[in-house]
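Reviewing the structure listed below.
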Amino acid sequence: MCSTDKLLIDMKALVEGESAVAGSLGDAFFSSVEGSEITQGDVHVEVSIRKTPHFSEVVIHAQGEVTLPCDRCLDPMQVSVETEQKLIVKFGDEASEDDEMIILAESEPTLDVAWLVYESIVLNLPVKHVHAPGKCNPAMINVLNEHSATRSDDTVEEEHGDHRWEKLASLKDLLS
């Protein structure tokens, strides 16, 4: 399910005080993002907003699972995600974004929470996406091991040594 329309919030239409919005990001959303390493997902999003006359405090909480390719065997793997982001949203002449503050242009008062959640998920993914030991595709691991074996020309160099080091050692002997 991908109901991102619920996650587009018209900040001008909100009344002062507390508000809440909830929605989900599903496979359709993640597959629509160009260049995303996330291929599928099911992430529930809850947004609480406290609007004052001068700014709005927005707290975004997202929890669920996303599917990524394993860096080792390329098979899909599920990664649990949970993020929380606190923002201050104000209105101004021009739109701008900072780590903790978003300024919306008066002419475009819509806050796209779905995109903020996506960015937060990507930033909180582990650097290395690898299955737990023994869970990778065995056929792919065999192919990987075949192609990552030491090449014969590398072993010849190791046996005979690197000639550059011999020349440096002789220079060192001359200087001492």
- Matching option when the condition is touching a Lys or Arg at 6+ places or on another chain (Cβ under 8 Å) and assigned to a strand (DSSP E or B), among V43, V59, V66: V59
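Consider region 56-81. How many of its residues are closer than 13 Å to V45 by Cα and touching a His at 6+ places or on another chain (Cβ under 8 Å)? Show your work before the answer.
Taking region 56-81 as the starting set, the residues that turn out to be closer than 13 Å to V45 by Cα are 58-65, 81.
Next, from what is left, pick out any that are touching a His at 6+ places or on another chain (Cβ under 8 Å): 62-64.
The number of residues fulfilling the criteria is 3.
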- Qualifying positions in region 15-31 - in contact (Cβ under 8 Å) with a residue 24 or more places away in the chain and open to solvent by 40 Å² or more (accessible area, probe 1.4 Å): V15, E16, E18, A20, A22, D27, A28
- Message: I need every pair where a residue in region 98-112 that is within 16 Å of Q85 (Cα to Cα) and without any contact (Cβ under 8 Å) to a residue 40 or more places away in the chain has its Cβ under 8 Å from the Cβ of a residue that is loosely packed, with under 13 Cβ neighbours inside 10 Å and basic (K, R), sequence separation at least 6 or different chains.
- Response: E100/K86
- Scan of region 97-148 for residues that are farther than 30 Å from V15 by Cα and of a type in the set (V, I, T), ordered by number: V122, V127, V130, I141, V143
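Inspect all residues belonging to region 85-104 and state whether any of them is of a type in the set (D, E, K, R), at pLDDT 90 or above, under 16 Å from S24 (Cα atoms) and not in a loop (DSSP other than H, G, I, E, B). Before you say what the answer is, go through the steps one by one.
Here is the first cut: in region 85-104, the residues of a type in the set (D, E, K, R) are 86, 90, 93-94, 97-100.
From what's left, at pLDDT 90 or above: 86.
Cutting the leftovers down to under 16 Å from S24 (Cα atoms) gives us none.
The answer is no; no qualifying residue exists.
Of everything in region 46-56 that's part of a strand (DSSP E or B) and open to solvent by less than 70 Å² (accessible area, probe 1.4 Å), which residue is nearest to I121 (Cα to Cα)? Lay out the reasoning, then the answer.
Going residue by residue through region 46-56, those that are part of a strand (DSSP E or B) are 46-51, 56.
Within this subset, residues satisfying the condition of being open to solvent by less than 70 Å² (accessible area, probe 1.4 Å) are 47-49, 51, 56.
Values: V47: 15, S48: 18, I49: 20, K51: 25, S56: 23 Å.
By that ranking, first place goes to V47.
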- Item | Candidates V43, V79, filtered to the one that is open to solvent by less than 50 Å² (accessible area, probe 1.4 Å), modelled with pLDDT under 95, under 14 Å from the mean Cα position of the chain (by Cα) and within 18 Å of K6 (Cα to Cα) | V43
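With the condition kept exactly as written, say whether any residue in region 120-130 is within 30 Å of C73 (Cα to Cα), surrounded by 12 or more Cβ atoms within 10 Å (Cβ to Cβ), among the polar types (S, T, N, Q) and in contact (Cβ under 8 Å) with a residue 60 or more places away in the chain.
yes
The values are calculated or read from the model by the stated rules, or taken from the named source; none is laboratory data. None of these values were measured; they are calculated from a predicted model. Neighbour counts are summed over all protein chains in view; Cβ atoms, including those assigned to glycine, are modelled from backbone coordinates with ideal geometry. Ligands, DNA and RNA are stripped out before the accessible areas are found, and what is left, the full protein with its side chains, is counted by its heavy atoms. Shrake-Rupley method; radii C 1.70, N 1.55, O 1.52, S 1.80 Å.
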